[in-house]
Amino acid sequence: MDHSVHEEPRPLPLAGIRVLDVTQVMAGPFCSMLLGDLGADVIKVEPPGTGDQTRSAMGFKMKGPDSMGFLNMNRNKRSLALNLKSDAGRDLLLDMAANADVLVENYRPGVMARLGLGYEAMRARNPGLIYASISGFGQSGPWAKRPGYDLMAQAMSGVMSVTGHPGGPPVKAGVPVADIGCALFTVYAILSAYIGRQASGEGQYIDASLFDAALAFSIWDVSEYWGTGRIPQPLGTSNRMSAPYQAVRASDGYFVMGATNQKLWRLLCDVLDRAELFEDARFVDIPARLANREELIEELERSFAARTSEEWVSLLLAAGIPAGRMNTYPEAFESEHGRHRQMRIEVPHPIEGTVPNIGFPVKLTGTPQRARRHAPLLGEHTEDVLSEFGLSADEIEALRLRGAFAA
C-alpha cells in the first residue's frame, strides 16, 4: 500500500492580491508583471482601440497585432478595455479600486487627479489601497511635469555622463536601466507597503520616478565625486574601484577579467608568467594600478595576445581569477548555463502559437513562478473581470451604452 503523502502545491506568495495596472510602455507594465509572476491577480486597464502603446511598438510585425516587447512585459495579466475619458469608465475604475489592494499608474503627474482618479479620491473609497505612481521625474519638483522616458532619465541623472569611452560621444546604457530600475524599486515599495498594511490597515501613496531610480545606481560614481571632488568621467568597460577589471583584447578579440585584490593580482601575474609586473612600482597596489591603468592594460594585452579569448578564460578560471567571454544575447540565452537557468521560457498564445519570454530572474524554490497567462489580447477579459466584481450582464451592457468601453 502506498502511504506516501501527496501535498498540494503551495499557493504563490501574492495569490489573492488584486492589482489594477493602469500603465503603459515599460516601467509600469514590467512592475505589474513581476507582481503577477508572484501570483497577484493583475488587471491591465487599457484604452479601448489602441491599448498599451507598446502593443504597436518595435518595427516588425508578429502574426497578431501585438509586439514582441508587449508579449514579454505583460504575461500573467488580464486585460480590461476601459475609456477613462468617459464618466462611466471613471466611475467604474473607482468602484474597482474600492475592491483592489494595489493600483499602479504612470500617467503624467496630475492627469489622474484631474480625471478624479487620484490617490485622495480612491483613498476615500478604499483606505487600504496602495497607490503607486510612476513618472519620469516624480510627482513634485521643477521637472515633475516634463514627459520622461528612459533616455531622458539616463541623461539628466548623470548616467550617460559616465557611459561610453573617454572622449567619445554620449552613449546611453544598452539596456533601459532607468525603466527597469524604477520598476524594481516600485515593486519593493509596493510589497513593503503591503506588509505594513497588515499591522496598520492603512494603504499609502508611492511616488516612484525614473530619475530617482537612475540616480540610485550611481553609488561608485558619486562616491568618487563626494570623496575627491572629481566629476566622474566615462571609463569604457573599466571600473572606478579597482584595476585590472575590464574587457581586454586577446588574439581573436575581447574577453573580460578582473583581478580586484592583491591575491588575484599575484595569481594573474603567475598565470601570465610576468612576475616583474607584480614588483613594478606602477602596479604595486590598487591605487597605483588605477593611476596607471592605461599602461597596465597595455602590458597585460601584450601577454593576452599570445592566446585566444577562450583559452585565456579557461586558464584564468582554473587559477581562480574571475573571467568570462563576451556573449551576444543569443549566445547567452542558448548557452548551457542560460538553458539550465531557464532564462528563456515558452508561453502558449492564442494568435502567435508559442511566444518566447525572458524567464524569471529569481527563483522561488517553495513556490516556483510560472506563466499562468499569456500576455492578454486587448480587452480579452473585460466581461470576465467585471463579472467577478459583481456586475450583471445588464449592468455591463449599460456601461457599454454609456461609452465605458468605446474608443
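The values are calculated or read from the model by the stated rules, or taken from the named source; none is laboratory data. These numbers come from a predicted model, not from an experiment. No Cβ is skipped: glycine too gets one built from the backbone with ideal geometry, and neighbour counts run over all protein chains shown. Ligands, DNA and RNA are excluded from the accessible area calculation, which covers all protein heavy atoms including side chains. Shrake-Rupley method; radii C 1.70, N 1.55, O 1.52, S 1.80 Å.
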### Task
Search segment 342-358 for residues being out of contact with any Lys or Arg (no Cβ under 6 Å at 6 or more places or on another chain) and not in a strand (DSSP E or B), and hand back the single one that is least open to solvent (accessible area, probe 1.4 Å).
343
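From the list 268, 215, 264, pick out the single residue that is within 30 Å of residue 178 (Cα to Cα) and modelled with pLDDT of 95 or more. Even if it seems obvious, please write down each step before you answer.
Numbers: 268 fails: within 30 Å of residue 178 (Cα to Cα); 264 fails: within 30 Å of residue 178 (Cα to Cα).
Only one candidate passes the filter, namely 215.
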#### Entry: Cβ pairs under 9 Å, 6+ apart, first in segment 320-341 and exposed (fewer than 13 other Cβ atoms within 10 Å of the Cβ), second charged (D, E, K, R)
320/263; 331/325
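Which is in contact with a Gly (Cβ under 8 Å, 6 or more places away or on another chain), closer than 30 Å to residue 195 by Cα and either of a type outside the set (A, V, I, L, M, F, W, C) or at pLDDT 95 or above (or both), of 14, 92, 34? Break it down stepwise before answering.
Numbers: 92 fails: in contact with a Gly (Cβ under 8 Å, 6 or more places away or on another chain); 34 fails: in contact with a Gly (Cβ under 8 Å, 6 or more places away or on another chain).
Going through 14, 92, 34 in turn, just one is in contact with a Gly (Cβ under 8 Å, 6 or more places away or on another chain), closer than 30 Å to residue 195 by Cα and either of a type outside the set (A, V, I, L, M, F, W, C) or at pLDDT 95 or above (or both): 14.
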### Message
What pairs come out if I take residues in segment 300-318 that are touching a residue at least 40 places away in the same chain (Cβ under 8 Å) and pair them with residues that are assigned to a loop (DSSP other than H, G, I, E, B) whose C-beta lies under 7 Å away, six or more apart or interchain?
### Response
300/244; 305/251; 306/251; 307/251; 308/251; 308/252; 309/252
### Candidate set: segment 292-307, residues that are crowded, with 18+ Cβ neighbours inside 10 Å and closer than 14 Å to residue 255 by Cα; chosen: the one farthest from the chain's Cα centre (by Cα)
303
### Query
Does segment 184-207 include one or more residues that are modelled with pLDDT under 95 and in contact with a Ser or Thr (Cβ under 8 Å, 6 or more places away or on another chain)?
no
### Message
Quick check on residue 58: is it without any contact (Cβ under 8 Å) to a residue 60 or more places away in the chain, crowded, with 21+ Cβ neighbours inside 10 Å and either out of contact with any strand residue (DSSP E or B) (no Cβ under 6 Å at 6 or more places or on another chain) or not in a loop (DSSP other than H, G, I, E, B) (or both)?
### Response
no
### Query
Scanning for something among the β-branched types (Val, Ile, Thr) and within 23 Å of residue 33 (Cβ to Cβ), does segment 160-173 turn up at least one residue?
no
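Tell me which residues, restricted to segment 10-31, are open to solvent by less than 30 Å² (accessible area, probe 1.4 Å) and assigned to a helix (DSSP H, G or I).
Across segment 10-31, the qualifying residues are 27, 28, 29, 31.
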#### Entry: Pairs with Cβ under 6 Å, 6+ apart, first in segment 122-146 and open to solvent by 10 Å² or more (accessible area, probe 1.4 Å), second modelled with pLDDT under 95 and not in a loop (DSSP other than H, G, I, E, B)
none
### Query
Among the candidates 282, 289, which residue alone is open to solvent by less than 50 Å² (accessible area, probe 1.4 Å) and farther than 30 Å from residue 67 by Cβ?
289
### Task
Output the residues belonging to segment 371-390 that are surrounded by 13 or more Cβ atoms within 10 Å (Cβ to Cβ) and in a loop (DSSP other than H, G, I, E, B).
371, 372, 373, 374, 375, 376, 377, 378, 379, 380, 381, 389
